[in-house]
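Derivation of every value follows stated rules applied to the coordinates shown; laboratory data play no part. Owing to the predicted nature of the structure, the values given are computational and were not obtained by experimental measurement. Cβ: placed from backbone, ideal geometry, glycine included. Neighbour counts: every protein chain shown.
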Amino acid sequence: MSEPSEWLIYRGAGEPHEGIEQLPPPPPWRDFASRGAPASDEPDGDGSADRRLGGHRHIAELHRPGAEELEMINAALYLRRPLLVTGTPGAGKSTLAHSVAHELGLGRVLRWPIVSRTTLLDGLYHYDAIARLQDVQIAAHGAAAGTRGAEAADGVGSYIRLGPLGTALMPSDRPRVLLIDELDKSDIDLPNDLLNVLEEGEFGIPELERIADRLPDGEAEVLDDDGNKVKVRGGRVQCTSFPFVVLTSNGERDFPAPLMRRCIHLELGRPDHQRLATFVRAHLGDEAARSGDDLIAHFLERSRSELLATDQLLNAIYLTDAAAPAGRDRLADLLIQRLDRPR
C-alpha cells in the first residue's frame, strides 16, 4: 500500500519542482476543459450538463424522481409557472434544472446566481453607459459631431447585454430553462421585484424604448446571455414561450406570499443510499460507487444529526479512490465536515 505522502503534489518543502505535471485529470464536475474546445454536439454546448448530471450518466441506472417530484415539475411545465425548489445543500435542487433541460432538449441552462447585492436589473440586462459615452466622444473628435452622434445614439443596442432572466424571456418556439440559484441569499426586495416580470413575462428597456421610433422597423440588436445577437422590437422583451424557471432555496428565509402564490413549490428530502449511489455512479462510474459504498453509508449516518452536502461525498470518494488509498477514512472525514458546525 502506498504511503499517504505519495499523492501530494505540493510538498511544502520550499524547493521548486515539476510536480504539477503529475496532477491527474480533474473530477468530472470540476472539468472546464470543454470551454476551450470546439463546439460540441451536446445541447448545452459548454459541458455544464456533464458537470451537473455526470459524465457517466449514460451507463448509470439513473435515479428516477419520486411521484411527487415528477408531478410538481410537470405541473410547473403545464401551468407555465416558476418552480420553487427547497431543500438542504446538495439535495439536487440545481441539478433538477439541468436534468429537465437535458431530457427535453431545451439547450443550455441559463443560470442566475443570487447574492445579497443582486438586483432585478442584473437579471434583465446591463447597459454600459460609460462605454457608449467614450465612443460618442471619440466619434465627435473624428468626424462631424451631428452625423456621428446620431449614429451612436441609434446604435445604443451595441451597449446592452441581456442577463439570464432577460434572455429567458426572449421570443422563442420552445421555452428556455432558467435557474435562479439560492434566492434566499437575496436582499429583502428582490423576491417582490420579481413578481411582475414572472407574472407578465415581459419587461421594457428604457434606453431602447426612448429611441424605438428612430430605429429601422423599431428593432435594435443586443447581445443575449449566450453571446448571440438578438433583436428587441419596440424596446420591450416579450416572451412567446414562458421559460421553465427553477428558483432554489436552502430554506434560510421565508418568501412573501405573493411570490409563493405564483410558484409551484417542491421540497426535496434528503437522498437515501440508492440515490446517493446513483449520484456517485453517474459522476465517477460503477467501480467508484462500489468502492465508496462504505463512505456513502457513513455519510448517511452522519447526515441524520449533521448538515452535510452530497458534493462533499463526491469529493471524498474521488480523492480517496484516485489519490490517497492510505489514511482513507481520516481524509474522508476531513473533507466531509459538517456545514452547521460552530465557527
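With each label point set 7 Å from Cα along the Cα-Cβ vector, what nm distance links D184 and A140?
Placing both labels 7 Å beyond Cα along the Cβ direction yields 5.1 nm.
In nm, to one decimal, how far is the modelled label at E200 from the one at E301, with both set 7 Å along Cα→Cβ?
Once both label points are built, they end up 5.7 nm from each other.
FRET efficiency for L79 and A257, Cβ-Cβ distance as r, R0 = 30 Å, nearest 0.05? Write out the running numbers ahead of the final one.
On the way: r = 18 Å, r/R0 = 0.60.
For L79 and A257, the calculated efficiency is 0.95.
Give the span of region 110-267's Cα atoms along each principal axis, as three whole-Å numbers ordered largest to smallest.
Taking max minus min along each principal axis of the Cα atoms, region 110-267 gives 61, 32, 24 Å.
Report, to two decimal places, the Cα Rg of region 158-243 normalised by 2.2 N^0.38 Å (N = number of residues). Provide the component values of the computation, followed by the final result.
On the way: Rg = 13.6 Å, N = 86, 2.2 N^0.38 = 12.0 Å.
For region 158-243, the normalised Cα radius of gyration comes out at 1.14.
Over the residues of region 247-343, compute the C-alpha Rg and express it relative to 2.2 N^0.38 Å.
So the Cα radius of gyration is 1.30 times the expected 2.2 N^0.38 Å.
Taking the alpha-carbon distance from K93 and a cut-off under 24 Å, which lysines remain once sequence neighbours fewer than 8 residues away in the same chain are dropped?
K185
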